[in-house]
Amino acid sequence: MNVRDSEHIIAELGNKEDYVLTNEACEADLILINTCSVREKPVSKLFSEIGVFNKHKKDGAKIGVCGCSASHLGKDIFKRAPEVNFVLGARNVSKITQAINTDKFISVDIDYDESSYAFSEFRNNAYKAFVNISIGCDKKCTYCIVPHTRGDEISIPAQLIVNEARKAAKNGAKEIFLLGQNVNNYGRRFSDKSHKKMDFSDLLDEVSQIDEVERIRFTSPHPLHMDDKFLKVFAQNPKVCKSMHMPLQSGSSRVLEHMKRGYTKEWFLNRALKLRSMVPDASISTDIIVGFPGESDEDFEDTLDVMRQVRFEQIFSFKYSPRPLTKAAEFKEQVPPDVASNRLKKLQVLQEEILDEISKEKLNLEYKVYFEEKRNNKMLAGKSDNNALVQVEGKDEWLGTIQKVRITNPKRLSMYGEVVI
Ligand code: 5AD
Ligand code: SF4
């Protein structure tokens, strides 16, 4: 979502203020840092980065801090780094032109509603288009700062989403990537109360009716809202790519309850295994937090058990990081850092074993790959329908096309193959 926010900022500044991008910070008239606040590390990095940019920037160049850390740190940023010219919170992106033209501008209102704002156009990638479908998040997971930085959830009107997807697809982006904090909660609240009633499954069907759209991806869905209707559309709509992100967070029902995730280990397994039986080729990725307050060895074993049963194709794993404004930061039984580190290591070793098995099974399989990028080593890289990274030695004209590829060398993180003509 931050990548898309950055594209919106670049688009507004390019269109309304004649800014162009540069890779050299020392040439820039304006330096923007778009920040995350989900874990503590990137927040502490922010201030050291501001220092480095301040040292190297040209005279008179401005520095702006945007994104989630801007939202939650607010005017403290000016106090800690007086060289910053403006602070623009997530969900206030449409005010970027005002921000650059106002001394010490600050806007971090998490109730600000830009769900119907039509941003100018800019896309980093010609072949795939990110399209926001909602802003904010209505969940209150006890470890998560996002509801405090991006505010309550509001769905973007379906017509705006469809128009944006159509325009991007007509310009060559065969793949549309729908974005939201909790995509399968789509349709719960629109700013315009008269918006027609619809849910995420309906939205997937509408976007798939655009002729030029060949692939649809989305992130992130919430396991709690994976009802049968959603799984059926996922399984049956041929344009919906067969890869699902299912953020588990923990395999222990006790920990899940303390996290306020709204589901149990059994519910998660039921949905994941149902998905596996409905779409055997689908890949499933997940997010896991280890060392959540009160997590015992037994709780952690439950997480490993879910990993063994689901055999995720990809895992993003994190050590729990206490965040300001969140309930879990006040929980008493914080897990010692070395215990959390050991669990993280154990989890990653198990995942490598699972991935070694999974990748062996891929030898000689054929995938439809959408080539999006030419790598420095002259390989063409793209994603299979089920989200595997595939690289081939190939011709430039394959960029932006979908080709059938036979896997000749499957590795854990990237598979190598050859195009089958
Ligand atoms: N500590 C560690 N990981 C976190 N995440 C969110 N909040 C925290 C936190 N306080 C992880 C979750 C989420 C992903 C984007 O970041 O796994 O799904
Ligand atoms: Fe954070 Fe939970 Fe919302 Fe995801 S669903 S953004 S983890 S509060």
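The values are calculated or read from the model by the stated rules, or taken from the named source; none is laboratory data. On a predicted model such as this, the values are computed, not experimentally measured, just so you know. Here the Cβ is made from the backbone with ideal geometry for all residues, glycine too, and neighbour counts use every protein chain on show. Accessible surface is based on the protein model in full, side chains and every heavy atom, while ligands, DNA and RNA are left aside. Shrake-Rupley method; radii C 1.70, N 1.55, O 1.52, S 1.80 Å.
The alpha-carbon of residue 360 sits under 16 angstrom from the alpha-carbons of these lysines, leaving out residues fewer than 8 places away in its chain: 411. The alpha carbon gyration tensor of segment 231-282 gives principal lengths a ≥ b ≥ c with a/c of 1.5 or higher and a/b greater than b/c, which makes the shape prolate.
Scanning the chain for GluC sites (Glu not before Pro) lying in DSSP loops with no more than 10 further Cβ atoms inside 10 Å, the longest uninterrupted stretch between such sites is 25-332. Run a plain Debye calculation on segment 366-419 (Cα atoms as equal point scatterers, no solvent) and give log10 I(q)/I(0) at q = 0.21 Å⁻¹, rounded to two decimals, same order as the q list. Computed log10 I(q)/I(0) values: -0.62.
Between the alpha-carbon centres of segment 124-142 and segment 228-292 there is a gap of 18 Å.
Here segment 70-119 yields Rg over Rh of 0.99, to two decimals, using C-alpha coordinates and the Kirkwood radius. Working from Cα pairs under 8 Å separated by at least six residues, relative contact order for segment 123-241 is 27 percent. When you filter the trypsin sites (Lys or Arg not before Pro) in segment 40-137 for DSSP loop state and at most 15 other Cβ atoms inside 10 Å of their Cβ, you are left with 58, 75, 104. Taking a straight line from the alpha carbon of residue 104, these lysines sit under 28 Å away, with near neighbours fewer than eight places off in the same chain left out: 16, 41, 45, 55, 57, 58, 62, 75, 79, 95.
The Rg/Rh ratio for segment 109-173 is 1.06, where Rg is the radius of gyration of the alpha carbons and Rh is the Kirkwood radius. Summing Lys and Arg as +1 and Asp and Glu as -1 over all other residues whose Cβ lies under 14 Å from the Cβ of residue 215 gives a net charge of +1.
Quick one: net charge of residue 306's neighbours, Cβ under 11 Å, K/R +1, D/E -1? Residues near residue 306 contribute -1 overall. Looking at the chain, the DSSP beta bridges with both ends there are about 35 percent antiparallel.
Across segment 53-183, Cα-Cα distances exceeding 19 Å account for 58% of all pairs. Remark on the chain: 26, 36, 66, 68, 137, 241 stand apart, with no other cysteine beta carbon under 4.7 Å. Count Lys and Arg as plus one, Asp and Glu as minus one, and take only other residues whose Cβ is under 15 Å from that of residue 361; the net charge is then +1. For residue 182, the residues whose amide H sits under 5 Å from its own are 220, ignoring neighbours fewer than 5 places away on the same chain, with H placed 1.01 Å from N. With contacts taken as Cα pairs under 8 Å and at least 6 residues apart, the chain reaches a relative contact order of 10 percent.
Of the trypsin sites (Lys or Arg not before Pro) found in segment 338-421, those in coil by DSSP whose Cβ has at most 16 other Cβ atoms within 10 Å are 375, 378, 395, 411, 412. All Cα-Cα separations within the chain were binned at 10 Å from zero, giving a P(r) of 4, 19, 28, 29, 17, 2, 0, each value a whole percent of the pairs. Largest accessible area first, the residues 316, 122 order themselves as 316, 122 under a 1.4 Å probe with ligands, DNA and RNA left out. Think of a 1.4 Å ball rolled over the protein heavy atoms: the chain then has 47 Å² of accessible area per residue.
Sequence-ordered 3J(HN,Hα) estimates for segment 43-57 from the Karplus curve with 6.51, -1.76 and 1.60 and θ = phi - 60° stand at 5, 5, 5, 3, 6, 5, 5, 4, x, 5, 4, 4, 6, 9, 6 Hz, glycine and proline given as x.
Test of the criteria: in segment 194-272, which trypsin sites (Lys or Arg not before Pro) are in a DSSP loop and have at most 12 other Cβ atoms within 10 angstrom of their Cβ?
Counting only loop positions with at most 12 other Cβ atoms within 10 Å, the trypsin sites (Lys or Arg not before Pro) in segment 194-272 are 196, 197.
Result for the chain in a Gaussian network model with C-alpha springs under 10 Å: among 43, 93, 349, the largest mean-square fluctuation is at 349.
Here the gap between residue 126 and residue 97, fully extended at 0.36 nm per residue and compared with their Cα-Cα distance, gives a gain of 7.9 nm.
Projecting label points 7 angstrom from Cα along Cα→Cβ for residue 54 and residue 357 puts them 5.3 nm apart. Connecting C-alpha atoms closer than 10 Å in a GNM of the chain, tell me which of 99, 235, 25 has the biggest fluctuation. Taking springs between Cα atoms under 10 Å, the residue moving most is 25. Mind running the shape call on segment 2-107? Use the C-alpha gyration tensor, a ≥ b ≥ c as the square roots of the eigenvalues: rounded below 1.5 for a/c, prolate if a/b tops b/c, oblate otherwise. Since a/c stays below 1.5, the shape of segment 2-107 is classed as rounded. Orientation-averaged projection of segment 242-359 equals 7.2 nm² [convex hull of Cα atoms, one quarter of hull surface area]. Just the protein heavy atoms count here, and of the accessible area of segment 2-107 at 1.4 Å, carbon and sulfur take up 49 percent. Over the chain, DSSP H runs of length four or greater, each weighted -39,500 (n - 2.57), average out per residue to a 222 nm ellipticity of -10500 deg cm²/dmol.
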